[in-house]
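Taken together, the values in this text are just the output of simple stated rules run on the coordinates, not laboratory data. None of these values were measured; they are calculated from a predicted model.
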């Protein structure tokens with residue numbers, strides 16, 4: 001199978017769209033519209049604030065790190081974003097620190113099973 005490298009926010013590979021889509025109805029058509037990275041971060045925002053605090057600079061860095069996680073996940077696994085349980089484990093294992101976030105995000109891409117074991121030990 002040929003794998004195309006693409007920009008995850010505008011991906012048109014065979015695996016698009018993922019379940020992270022919303023229905024849009026214009027009165028004539030029902031369509032699935034992809035949820036972009038910005039919208040996904042907005043949905044995560046309350047959890048990010050609870051985990052990392054309200055600092056705009058910190059939240060910007062967290063958003064950048066999660067964007068890198070999505071890109072790495074896409075390049076490694078051909079999926080636009082990691083599954084929700086992987087994001088949950090990354091946030092839990094970060095323990096509210098940027099160092100922890102980077103370590104957890106790296107582990108998510110390299111071996112998600114180890115990330116899961118780490119998260120279970122923290123629960």
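Considering all projection directions equally, how large on average is the shadow of the alpha-carbon convex hull of the stretch 36-122, in square nanometres?
Mean shadow area of the hull around the Cα atoms is 5.0 nm².
If each residue of separation counts as 0.36 nm, what is the full-extension length gain between residue 60 and residue 41 once their alpha-carbon separation is subtracted?
Extra length available between residue 60 and residue 41 comes to 5.8 nm.
With the alpha-carbon atoms as the only input, what is the per residue convex hull volume for the stretch 77-123 in Å³?
It comes to 66 Å³ per residue, whole-number rounded.
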